[in-house]
Each structure stands twice: as C-alpha cells, then as structure tokens.
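Asker: Once you've had a glance at the structure underneath, I'll fire off some questions.
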Amino acid sequence: VFNSVQYAALCKQLKKKNLQNAVVHIRSEKYAQAINKFREQYQVDFKIVTDIRGAVLEDTMHYKNFKFLINNLKKSYFLHKQKELNYQTDLVSVVSSKLKEYVHKYYDIDHSRIFVNHSFASEYFQYSKKARSEYRKKLNIHKDEIVFIFSTGGNGAWQNTTEIVNTMRKSEFKIINLSKKEIPGKNVFNLFVPHREVPNYLSAADFGIV
C-alpha cells in the first residue's frame, strides 16, 4: 500500500516535467524501480541514473529490533530489488571503488555502467587557513580549542541530529551545528548557512561528524 501511494505521488510530480531525452538521477533501488515503471507506463524516453550509497541489504540485516519474520521479508524484498535493477537503470553512481565491485557482483551490472562519484562538492570546497582564522575569530573560538562540526541539509529522523549534538556537547569541545534543527547549549553554534559558506566553517573545525 505504501509503495502504491509513493508511486502515485511520484507520477504526479513527474507528469509536470518534460522528461523526453532527459536524465533522471534517483536515490536507491526502490525508487529506481518506480521511475522505470513510470517510464514504461507512459512511454517516455529518458535515462535513469541510480545513486547507490551503501550495501542496503547488509545494512538492513544489522537492525536487531526487527522480528525474525520482518527481517526475512525485508531481506527477500532487497534481494528482489538487486535482481531487477540490472534492467531498470541505465547507469549507476556509487561513492567508492569497493561499492562499485559490490554492485557489479551482487547486482550483476557491468563495470562500464557503474561510475564512482565520491562527492559532488564544487572546487571551492577546499581547506583554507585564512577562512579557519577568520571564522574562528567570528565565532570567538580560540585557536587552540578543539571544534567538531556536524553538517546536514535535511532534518530526517535517520540523521540523528539531536542525538549527535547532545552527545558531543557533554564534552568540553565546541560544536558547530550546521543543520536546520537548533540544539541549545553553551558550546553549540547553531547555524544554517548558504552552501557556498560551508567550506569556511569546515575549515574552522578540527573534526567532522558523519
């Protein structure tokens, strides 16, 4: 039922776009299947690039809070998605060479259709000593203080923004929280800045929280 509702919502949005000869970049195997279903159903000629950023099957199996039956159903579901992806997507984007080998092995997709993209960050995402000094001064952070940074563009439950920042702020370290969720605390700087400014704050920090 949930997949049907998602598909209907997806179709509604896709119909608003002129997708003829376009390239659709989509996250996850599940959504690639939905996009391909739309492509076949409405006879629209466009390419699909599926963005895979992890070993979803193994990741799912690590959740111990699911009951045995639910775990097996999810395992069966993702195995099915692996078998289908080969003919549903034109190209696959992965974040590492290891993941490329994983996708080639378990999805049976030829190497020539899998591309490694570690990051889509622009050329201005580089460390800057000048920015480090300038932005530490701006935040009143001493040059010897240890600073952690947490950056996210969304506010999804899986990002654990509150848990991460709350755990870190119990220490004496300073935390730059570049997210939409404000976390109160004397050692926390809550900022949601334009994308172009993010490298400056990254330069000001010592450790990044992934």
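The values are calculated or read from the model by the stated rules, or taken from the named source; none is laboratory data. Just so you know, these numbers come straight off a predicted model, no measurement behind them. For neighbour counting, all protein chains shown are included, and Cβ atoms are generated from backbone atoms with ideal geometry for every residue, glycine included. These area figures cover heavy atoms from the full protein model, side chains too; ligands, DNA and RNA do not enter into them. Shrake-Rupley method; radii C 1.70, N 1.55, O 1.52, S 1.80 Å.
Asker: Taking Cα centroids, how far is region 1-46 from region 95-159 in Å?
Answerer: Here the answer is 28 Å between Cα centres.
Asker: Could I ask something else about it? Would you check the accessible area of Phe38, probe 1.4 Å, heavy atoms only, in square angstrom rounded to 10?
Answerer: Here the accessible area works out near 10 Å².
Asker: With a 10 Å cut-off between alpha carbons and a GNM built on the chain, which of Asp90, Asp144, Asp45 moves the most?
Answerer: Its mean-square fluctuation being the largest, the pick is Asp144.
Asker: Still on this structure, please answer the following. Tell me, what is the per residue accessible area of the chain in Å², probe radius 1.4 Å?
Answerer: Numbers: 13750 Å² over 210 residues.
Here the per-residue accessible area is 65 Å².
Asker: Only one of the listed values, [x] 48; [y] 53; [z] 63, was derived from the coordinates as percent of Cα pairs over 22 Å apart; which label is it?
Answerer: Recomputing percent of Cα pairs over 22 Å apart here gives the entry labelled [z].
Asker: Once amide H atoms are built 1.01 Å from N in the peptide plane, which residues 5 or more positions from Ser96, or in another chain, come under 5 Å H to H?
Answerer: Asn117
Asker: Quick one: helix 129-138 against the long Cα principal axis of the chain, what's the angle to the nearest 10°, folded into 0 to 90?
Answerer: On a 0 to 90 degree scale, this one is about 70.
Asker: Rounded to a whole number, what % of the accessible area of the chain do carbon and sulfur atoms account for, probe 1.4 Å?
Answerer: Details: 7580 of 13750 Å².
So the carbon and sulfur contribution to the accessible surface is 55 percent.
Asker: Here's a follow-up. Compute the angle between helix 29-42 and the longest alpha-carbon principal axis of the chain, please, reported from 0 to 90 degrees and rounded to the nearest 10.
Answerer: Helix 29-42 sits at roughly 50 degrees to that axis.
Asker: If you don't mind, there's one more thing I want to ask. Quick query: amide H of Ile48 versus all other amide H atoms, modeled in the peptide plane; which residues come in under 5 Å with a sequence gap of 5 or more or a different chain?
Answerer: Val24, Asp90, Leu91
Asker: If you don't mind, another one. How would you rank 23-29, 179-185, highest first, on the average number of other Cβ atoms within 10 Å across their residues?
Answerer: 23-29, 179-185
Asker: Now for a separate question. Using θ = phi - 60° and the Karplus form 6.51 cos²θ - 1.76 cosθ + 1.60, what ³J(HN,Hα) does each residue of region 161-166 get, whole Hz, x for Gly and Pro?
Answerer: 4, 4, 4, 5, 5, 5
Asker: Right, another one. Go ahead and estimate [θ] at 222 nm for the chain from helices alone: -39,500 (n - 2.57) per DSSP H run with n ≥ 4, summed, over the residue count, rounded to 500.
Answerer: It lands at -13000 deg cm²/dmol.
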